[in-house]
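Peer 1: Mind having a look at this structure? Questions to follow.
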Amino acid sequence: MKSGFVNIIGKPNAGKSTLLNALVGEKLAIVSSKVQTTRHRIRAFLNGPDYQIVFSDTPGIIEPQYKLHEKMMLAVKSSMQDADVSLFIADVRDDFEQLDALFSTIKTHVPCILVLNKSDLTNKKRIEEAIAFFSAKKYGKKIVVISAAKKENIDGLLEQIVVKLPDGEPFFDVDDLTDMPTKFFAGEIVREKIFQLFEEEIPYQTAVLVQRFEEKQTLIKIVVDIIVQRESQKAILLGGSGSMIKKLGTLARIDLEAFLGSKVFLELFVKVRSNWRNDDLYLKEYGYN
Ligand SMILES: Nc1nc2c(ncn2[C@@H]2O[C@H](COP(=O)(O)OP(=O)(O)OP(=O)(O)O)[C@@H](O)[C@H]2O)c(=O)[nH]1
Ligand SMILES: [Mg+2]
C-alpha cells in the first residue's frame, strides 16, 4: 500500500483547482477565469486499489499586499510542509523565465513533477520549447503535459504521482472524499458565483461567511453573509432593485442543490466591514487562520 500528501502549487490561474477536480473526479474546488480565486488549502482524497493520495489545492503564489494575502500564502506554506510529492503547475503559455524565477525559489526536499497545463490552448511547438527549457532545471526532471479542463493525460500524471508515493497505510477513511466540512464548500460555491458574476475589484473585496447550515426534513437551510469593504460595493452586489443578488442566489442555489443532493433554501445578506482584508479579527471570523 502507498499513501501520501501531494500538493499542487503554482501561479494564480495556472489551473490548480481545475486539476484537483480532474484528479479526484468531483468538483470540490471552485474555479474562475480570474486570478486569486482560491484562498484556502483544499484537501481531497483519491483512493486507488493500492494507494491513497491526499491532494492539496492551494492559492496561487503572489507577493502579499494585504493580511488576507499573507494568510493565503501561509496556506501554501502549510501544504509544502507535509507534502510527499509536489506538483509545480504552469500555464504552458506563460513566460518561461518568469515561471522559472518562481519555481527555482521554492524550497522543497520532496520529489517534484512539473505539470505543463492548458495544452489544448497552444501548439506542439510551444510545448516542445517548454519541455526543452524546463528539462534543464532542477525541478523539471519529470515533466507531464496535460489539459486539466479537457481531462487530457490526467491518468498519465496519476501514474507518475503513484510511482513517487511513499509506502504507507491510508491516512483517511477510504469512503471520504475530503476532511473539510460541507459548510465550507457551501460558502465556496457562493464565492465562486461572485467571481463569475462580478467584474474588477468586487470579488477581491468580498468574503463569505456561512452563518447557518441546517439540515431540515425536506431541505437544507443555508444563510450566508457576503462581506464587502464599502457601501458602494454593497450597492453593486445588490444591483438595481436587488437584481444582482437575486441572480447570484439563483446560480448558487442550483449548484448547492447539485452538490448537496438536496433541495436548498438559500438566504444571502450583504454586510459592510471596512478593511476586513487587513483586520486579524475579521479574517479569523471568516475562516482565514
Ligand atoms: N482551456 C483550458 N482552460 C483551463 C485549463 N485549466 C484551467 N483552465 C481555466 O483557467 C482558469 C483558471 O483555472 P483555475 O483552476 O481556477 O486556476 P487556479 O490555478 O486554481 O487559480 P487561482 O485559484 O486563482 O490561483 C479557469 O477559467 C479554468 O477553466 C486547461 O487545461 N485548458
Ligand atoms: Mg484555484
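The values are calculated or read from the model by the stated rules, or taken from the named source; none is laboratory data. Treat the numbers as computed from the prediction; the structure is a model and nothing was measured. Positions of Cβ are backbone-derived with ideal geometry, glycine not excepted, and every protein chain shown enters the neighbour counts.
Peer 1: Can you tell me which residue among V110, V163 is over 23 Å from T38 (Cα atoms), away from ligand 2 (no atom under 16 Å from the Cβ), surrounded by fewer than 16 Cβ atoms within 10 Å (Cβ to Cβ) and among the aliphatic types (A, V, I, L, M)?
Peer 2: When all the criteria are applied, what remains is V163.
Peer 1: Here's another thing I want to ask about it. Which one is farthest from ligand 1 (Cβ to nearest atom) among residues in region 13-41 that are charged (D, E, K, R) and over 24 Å from L283 (Cβ atoms)?
Peer 2: Only one residue fits best here, namely E26.
Peer 1: Can you tell which of I194, I202 is closer than 22 Å to K34 by Cβ, of a type in the set (A, V, I, L, M, F, W, C) and under 18 Å from the mean Cα position of the chain (by Cα)?
Peer 2: I194
Peer 1: Quick one: is A22 touching a helix residue (DSSP H, G or I) at 6+ places or on another chain (Cβ under 6 Å), within 13 Å of ligand 2 (Cβ to nearest atom) and at pLDDT 95 or above?
Peer 2: yes
Peer 1: Using the structure shown, decide if G4 is closer than 27 Å to D100 by Cβ, more than 15 Å from ligand 1 (Cβ to nearest atom) and buried (at least 21 other Cβ atoms within 10 Å of the Cβ).
Peer 2: Yes, satisfied.
Peer 1: Which one of these does Q81 not meet: (1) within 13 Å of ligand 1 (Cβ to nearest atom); (2) without any contact (Cβ under 8 Å) to a residue 60 or more places away in the chain?
Peer 2: Failed condition: (1).
Peer 1: If a residue has to be within 14 Å of ligand 1 (Cβ to nearest atom), within 23 Å of K164 (Cα to Cα), in a loop (DSSP other than H, G, I, E, B) and of a type outside the set (V, I, T) to count, how many in region 101-153 make the cut?
Peer 2: 3
Peer 1: Oh, and also: Please find, among D95, D50, the residue that is more than 23 Å from G140 (Cα to Cα) and either away from ligand 1 (no atom under 14 Å from the Cβ) or among the aliphatic types (A, V, I, L, M) (or both).
Peer 2: D50
Peer 1: Shifting gears a bit: Being away from ligand 2 (no atom under 16 Å from the Cβ) and either under 28 Å from K138 (Cα atoms) or aliphatic (A, V, I, L, M) (or both): is that true of M72 here?
Peer 2: no
Peer 1: Turning to a different aspect of this structure: Just to be sure I understand, how many residues within region 233-289 are without any contact (Cβ under 8 Å) to a residue 12 or more places away in the chain and among the polar types (S, T, N, Q)?
Peer 2: Qualifying residue count for the region: 3.
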